[in-house]
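The block underneath contains the structure these notes are about, expressed in structure tokens.
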Amino acid sequence: MFFVRLLSLVTAIAAIVGLFVEIPIVSNFAFWLMVGAYLLWIGINRMGEKRIKWQLILSIALTTTAIVGIFAEIPIVSDYAFWVMTAAYLIIVASTDIVRTGDQ
């Protein structure tokens, strides 16, 4: 599980850097790399038992809005779809319990 978390974080960082620096392939598909990093993170981690689930709902709503904003014109979201997706990723990463017993 550590490898998948690391892969997710590296993918997200590469996508963000790819916006500011021209990296072949990464710069062209930065949004989709961020979606992939989000799916990797959400697929391998669980929300904490004591946490409120509003973070998960907000993150899924932002992700759905960002993806729809790519294909259909949504006034502000379509212009900033990558950053909406990044916000969804940061919410899900921040609200995940990383240290659990037996997970090392």
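A short reminder: the numbers here are calculations on the coordinates, not readings from a lab. Please read these numbers as outputs of a predicted model, since none were measured by experiment. Using ideal geometry, Cβ is built from the backbone for each residue, glycine included, and neighbour counts are taken over all protein chains shown.
Annotations for the structure displayed:
- Taking 61, 88, 12 in turn, the Gaussian network model of the chain (Cα-Cα springs below 10 Å) assigns the largest fluctuation to 61.
- Residue exposure proxy: 85, 1, ordered by other Cβ atoms within 10 angstrom of their Cβ from fewest to most, comes out as 1, 85.
- Judged by the gyration tensor of its Cα atoms, with axes a ≥ b ≥ c, segment 1-42 is prolate; a/c meets the 1.5 cut and a/b is the larger of a/b and b/c.
- Using Cβ point charges alone (K and R +1, D and E -1), the dipole size of segment 2-94 about the Cα centre works out to roughly 520 debye.
- Think of the chain as a dipole: +1 on every Lys or Arg Cβ, -1 on every Asp or Glu Cβ, centred on the Cα centre; then among 27, 55, 12, 55 lies furthest on the positive end.
- Length gained when the stretch residue 65-residue 83 is fully extended (0.36 nm per residue, less Cα-Cα span): 5.3 nm
- Hydrophobic, long helices, defined as DSSP H runs whose alpha-carbon span along the helix axis is 27 Å or greater and whose mean Kyte-Doolittle value is at least 1.6, occur in the chain at 2-20.
- As a size descriptor, the averaged projected area of the C-alpha convex hull of the chain was calculated at 7.0 nm².
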